[in-house]
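Inspection log for the structure reproduced underneath, given as structure tokens.
The values are calculated or read from the model by the stated rules, or taken from the named source; none is laboratory data. Note that the structure is predicted; figures quoted are calculated from it, not measured. In this analysis, Cβ positions are derived from the backbone assuming ideal geometry, glycine residues included, and neighbour counts consider all displayed protein chains.
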Amino acid sequence: MKKFTCVQDIGPLDKALEDARLIKKDRFAFTDLGKNKTLLMIFFNSSLRTRLSTQKAAMNLGMNVMVLDVNQGAWKLETERGVVMDGDKAEHLLEAIPVMGSYCDIIGVRSFASLTDKKADYEEKVLNQFIKFSGKPVFSMEAATRHPLQSFADLITIEEFKTKERPKVVLTWAPHPRPLPQAVANSFAEWMNATDYDFVITHPEGYELDPKFVGKAKVEYDRDKAFKNADFIYAKNWSAYSDPNYGKVLSTDRHWTVDTKSMDLTDGAFFMHCLPVRRNMIVTDDVLESEKSIVIPEAANREISAQTVLFRFLKTL
Ligand code: AN0
Ligand code: CP
């Protein structure tokens, strides 16, 4: 594996899940694999889970780890070529990337969508520059349009908790006061579409995702109908994708907050969210604290998804 940015990069999902199970059984079984190998994690945005779980995963494999928060202590980076750099940005990505690549063996990048330039976001301009110019294997720690380490952890979690061969999984939009990227929702849809689950997406009008990610999913605008017979409810907010509203908050309608009443429509579904989650906006305290909430094991599986990806990279270095 040379990069990990989307579901296709991991190959057949049954094999990926097999590797994940192997690692979960004994996460310290491969401590020699990463000896004298260095992971560099680069964050353009905040993180709790991705930072900690990926560092832990690398340490489990015996790797050395360096973390750079670009906005805290590093030079501010220009990303556009051709710009006269007379502003506040002291360094260009085109030098910074190969320099960073020279200090490490594998690079993880977190770079969220701008939500102002749809074309640049959906071309994955920043992530692709790392792939092109670093000379090292690159993985996404949430880029503009996808969050594959999250989706892989979500898949592992569903496989662990499902009681039917082909569960009904529902991705539901939920309200949030600030505009968020579509990355988690896009990515979750992409991974669910690669399974044979019964996969449904529900959201208010105006929140349609890029058809490329919706794929073969059923889109149901009536949330109550969507929740019927569901085995997993996966809540997430995203801002509008469609023009002219790209990146905008169109609604904060708390009818869409996941509460006990809506969960009662399901077939005793598990509740999932990638976290961080805003209580009583996205989901009520009751649902989040209920026995059916699996957000903590889901977050714990981030260590497993990250370790599986690093394991695959290390084997091909
Ligand atoms: C980010 C998002 O929605 O993409 C990260 C989620 C893992 N969430 C926030 O910024 C709150
Ligand atoms: N779910 C997730 O990626 O969390 P962080 O933003 O805290 O890394």
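Among the listed residues Val84, Val67, which satisfies the condition of being of a type in the set (Val, Ile, Thr), within 16 Å of ligand 2 (Cβ to nearest atom) and modelled with pLDDT of 95 or more?
Within the list Val84, Val67, the selection yields Val67.
Only one of these is out of contact with any Leu (no Cβ under 9 Å at 6 or more places or on another chain), without any contact (Cβ under 8 Å) to a residue 40 or more places away in the chain and hydrophobic (A, V, I, L, M, F, W, C): Leu94, Leu68, Leu149, Leu77. Name it.
Being out of contact with any Leu (no Cβ under 9 Å at 6 or more places or on another chain), without any contact (Cβ under 8 Å) to a residue 40 or more places away in the chain and hydrophobic (A, V, I, L, M, F, W, C) holds for just one of Leu94, Leu68, Leu149, Leu77, which is Leu94.
Determine whether Gln129 is in contact (Cβ under 8 Å) with a residue 40 or more places away in the chain and under 26 Å from Leu22 (Cα atoms).
no
Determine, yes or no, whether Tyr234 is within 16 Å of ligand 2 (Cβ to nearest atom), under 21 Å from the mean Cα position of the chain (by Cα) and aromatic (Phe, Trp, Tyr).
yes
Just for helices (runs of 4 or more DSSP H) wholly inside region 49-122: which have at least 2 residues that are within 16 Å of ligand 1 (Cβ to nearest atom) and under 30 Å from Leu317 (Cβ atoms)?
The qualifying helices (runs of 4 or more DSSP H) are 49-60.
I'd like to check something: does region 262-270 contain any residue that is at pLDDT 95 or above and assigned to a helix (DSSP H, G or I)?
Within region 262-270 (the criterion being at pLDDT 95 or above and assigned to a helix (DSSP H, G or I)), the answer is yes, since at least one residue qualifies.
Mind telling me which of the residues Tyr207, Tyr197 ends up being within 16 Å of ligand 1 (Cβ to nearest atom) and of a type outside the set (S, T, N, Q)?
From the options Tyr207, Tyr197, the qualifying one is Tyr207.
Please go through region 1-41 and pick out each residue that is farther than 24 Å from Ala194 by Cβ, of a type outside the set (D, E, K, R) and either away from ligand 1 (no atom under 16 Å from the Cβ) or assigned to a helix (DSSP H, G or I) (or both).
Correct list: Phe28, Ala29, Phe30, Thr31, Leu33, Gly34, Asn36, Thr38, Leu39, Leu40.
Does Ala185 satisfy the criteria of being without any contact (Cβ under 8 Å) to a residue 60 or more places away in the chain, crowded, with 24+ Cβ neighbours inside 10 Å, touching a strand residue (DSSP E or B) at 6+ places or on another chain (Cβ under 8 Å) and not in a strand (DSSP E or B)?
Spelling it out, Ala185 is indeed without any contact (Cβ under 8 Å) to a residue 60 or more places away in the chain, crowded, with 24+ Cβ neighbours inside 10 Å, touching a strand residue (DSSP E or B) at 6+ places or on another chain (Cβ under 8 Å) and not in a strand (DSSP E or B).
Applying the selection to region 97-113, what residues are in contact (Cβ under 8 Å) with a residue 60 or more places away in the chain and out of contact with any strand residue (DSSP E or B) (no Cβ under 7 Å at 6 or more places or on another chain)?
Correct list: Ser111, Phe112, Ala113.
Return the residue satisfying two criteria in turn: it lies in region 38-62 and is away from ligand 2 (no atom under 16 Å from the Cβ) and within 27 Å of Glu124 (Cα to Cα), and of such residues it is surrounded by the most Cβ atoms within 10 Å (Cβ to Cβ).
Result: Leu40.
Restricted to region 218-246, and to residues that are touching a residue at least 40 places away in the same chain (Cβ under 8 Å) and surrounded by fewer than 19 Cβ atoms within 10 Å (Cβ to Cβ), which residue is nearest to Ser151 (Cα to Cα)?
Here the residue is Asn229.
Looking only at residues in region 280-311 that are crowded, with 19+ Cβ neighbours inside 10 Å and among the charged types (D, E, K, R), which one is farthest from Gly11 (Cα to Cα)?
Step by step, filter region 280-311, then rank; the result is Glu298.
For region 237-272, give me the residue count where each residue is in contact with a strand residue (DSSP E or B) (Cβ under 7 Å, 6 or more places away or on another chain) and among the aromatic types (Phe, Trp, Tyr).
The total comes to 4.
I'd like to verify a number: residues in region 123-144 that are within 16 Å of ligand 1 (Cβ to nearest atom), charged (D, E, K, R) and in a helix (DSSP H, G or I), how many?
Within region 123-144, residues that are within 16 Å of ligand 1 (Cβ to nearest atom), charged (D, E, K, R) and in a helix (DSSP H, G or I) number 0.
Would you say Val277 is without any contact (Cβ under 8 Å) to a residue 60 or more places away in the chain, in a strand (DSSP E or B) and surrounded by 14 or more Cβ atoms within 10 Å (Cβ to Cβ)?
no
Have a look at Asp253, Asp285, Asp264 and point out the one that is over 22 Å from the mean Cα position of the chain (by Cα), over 21 Å from Gln150 (Cα atoms) and either within 16 Å of ligand 2 (Cβ to nearest atom) or in contact (Cβ under 8 Å) with a residue 24 or more places away in the chain (or both).
Asp253
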